[in-house]
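I have placed the structure first, in the form of structure tokens, so that the comments after it can refer back to it.
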Amino acid sequence: MTAEEIKSKFRRVWGEFNKGNLDPQDELYAADWVLHQPPTPDVQGLAVWKQTLVDWRTAYPDVQWTIEELIVEGDSVVMRYNWHGTNTGESTALPFPPTGKQIVVRGCGVNHIVGGKVVEAWVFMDMLGMMQQLGLIPAMG
Amino acid sequence: MSDQLKVDVRKIVDELNKGNFDVMDDYYSQDFVSHQPPFPDIRGLKAYKRYHANMRVAIPDLQMTIDELIADGNIGTMRYTDRGTNTGQSKTFPFPPTGKQVSWSGLIMSRSEKGKMVEVWNFADNLGLLQQLGIIPSMG
């Protein structure tokens, strides 16, 4: 797969996510892929990942994902992104009563590709900012 | 270009680990901007050097390890782990020293123009760091 092909796959799959279509995730993430997203526990496997996406959409039904930057070197892809949404639902992704807050969260991740699919990713999302915007942690300094 | 960026980043990290902040003069533009959500942007190389110095006041034995380097044209990305002991207080760490040994990781994406870095995005595991320091309780 060329760098341009892998980039367009990322854009297409996340574009489909914005329409509520999660099945294209199968084309991008390997069945046994692992997501490291400190400080939360690793996500192991596509099935658990897709359930995470379902739970996330339950917490933020209008969630929209925007890719801000996409770079490729060899088998590594870095995606810098933001997502915005309104927290009107409750799920295991966010086990609190809905806050009704509209938030924007930024992040960046390194993805390792084998056979055209992500097998491992390290993602750093601004969870502190997310908790602050939801009013669950006071803003600091 | 990409290979040179990696050489530069290794050199910068080596020098910062020794507390030599002046090394940054050779690799960053004067009007450099650092975005590090959820904290405010840091504008200008002088302010960025002060931020690094303040970090080292709070964690004098701070050591950064490069876990991975990826470069594509003028954009570079470093996955890193920071380790150290929080024995000091500064503007970056505005609370009494906890004495705790901490370790946290993150990703820095940089954009260069004419061989110098003009902008970085730093996404660190700030939540994990504050939990290790005992400032925010662990959740879930």
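Can we say A:Val78 is under 24 Å from B:Asp125 (Cβ atoms), of a type in the set (A, V, I, L, M, F, W, C) and outside any strand (DSSP E or B)? For A:Val78, the condition - under 24 Å from B:Asp125 (Cβ atoms), of a type in the set (A, V, I, L, M, F, W, C) and outside any strand (DSSP E or B) - is not met.
Of all residues in region B:100-112, one or more are in a strand (DSSP E or B), of a type in the set (A, V, I, L, M, F, W, C), touching a residue at least 12 places away in the same chain (Cβ under 8 Å) and more than 9 Å from chain A (Cβ to nearest Cβ). When region A:71-97 is filtered for residues that are of a type in the set (A, V, I, L, M, F, W, C) and within 9 Å of chain B (Cβ to nearest Cβ), the ones remaining, listed by number, are A:Ile71, A:Val72, A:Val77, A:Val78. Of the listed requirements (1) closer than 26 Å to A:Asn87 by Cα; (2) of a type in the set (A, V, I, L, M, F, W, C); (3) assigned to a helix (DSSP H, G or I), A:Val43 misses just one: (3). When restricted to residues that are closer than 17 Å to B:Asn122 by Cβ and modelled with pLDDT under 95, region B:51-90 contains 0. Please indicate, with yes or no, whether at least one residue in region A:14-35 is more than 16 Å from the chain's Cα centre (by Cα), within 14 Å of chain B (Cβ to nearest Cβ) and without any contact (Cβ under 8 Å) to a residue 60 or more places away in the chain. Checked against the condition, which is being more than 16 Å from the chain's Cα centre (by Cα), within 14 Å of chain B (Cβ to nearest Cβ) and without any contact (Cβ under 8 Å) to a residue 60 or more places away in the chain, region A:14-35 yields no hits at all.
Could you list, in sequence order, all residues of region B:120-135 that are under 13 Å from the mean Cα position of the chain (by Cα) and of a type outside the set (A, V, I, L, M)?
First, pick out the residues of region B:120-135 that are under 13 Å from the mean Cα position of the chain (by Cα): B:120-126.
Within region B:120-135, B:Trp121, B:Asn122, B:Phe123, B:Asp125, B:Asn126 meet the criteria.
Please work out if B:Gln30 is of a type outside the set (D, E, K, R) and at pLDDT 95 or above. Yes: the conditions hold for B:Gln30.
Considering region A:36-69 alone, what residues qualify as being in contact with a helix residue (DSSP H, G or I) (Cβ under 7 Å, 6 or more places away or on another chain) and facing chain B (nearest Cβ under 9 Å)? Scanning region A:36-69 gives A:Pro38, A:Pro39. Pairs meeting the criteria (first residue in region B:67-96 and facing chain A (nearest Cβ under 7 Å), second residue assigned to a strand (DSSP E or B) and acidic (Asp, Glu), beta carbons under 7 Å, at least 6 apart or on different chains) are B:Ile70/A:Glu73; B:Ala71/A:Glu73; B:Asp72/A:Glu73; B:Ile75/A:Glu69; B:Arg79/B:Asp67; B:Arg79/B:Glu68. With respect to (1) away from chain B (no Cβ under 14 Å); (2) within 24 Å of A:Asn21 (Cβ to Cβ); (3) among the small types (Gly, Ala, Ser); (4) free of Cβ contacts under 8 Å to residues at least 40 places away in the same chain, the lone exception for A:Gly107 is condition (1). Against the numbered list (1) more than 14 Å from the chain's Cα centre (by Cα); (2) of a type outside the set (S, T, N, Q); (3) crowded, with 19+ Cβ neighbours inside 10 Å; (4) closer than 19 Å to B:Met109 by Cα, A:Pro38 comes up short only at (1).
Residue-level check: of (1) closer than 21 Å to A:Met131 by Cα; (2) touching a residue at least 12 places away in the same chain (Cβ under 8 Å); (3) of a type outside the set (Val, Ile, Thr); (4) not in a strand (DSSP E or B), A:Pro97 misses just (2). For the residues B:Gly44, B:Gly99, B:Gly84, B:Gly73, the requirement of being of a type in the set (Gly, Ala, Ser) and within 14 Å of the chain's Cα centre (by Cα) singles out B:Gly84. Considering region B:18-62 alone, what residues qualify as being surrounded by fewer than 18 Cβ atoms within 10 Å (Cβ to Cβ), more than 14 Å from B:Ser110 (Cβ to Cβ) and touching a residue at least 60 places away in the same chain (Cβ under 8 Å)? Result: B:Asp31, single match. Restricting attention to region B:115-140 and to residues that are facing chain A (nearest Cβ under 8 Å) and in a strand (DSSP E or B), the residue that is nearest to A:Val110 (Cα to Cα) turns out to be B:Phe123.
The values are calculated or read from the model by the stated rules, or taken from the named source; none is laboratory data. Only a predicted model underlies this, so the values are computations on that prediction, with no experimental measurement involved. In this analysis, Cβ positions are derived from the backbone assuming ideal geometry, glycine residues included, and neighbour counts consider all displayed protein chains.
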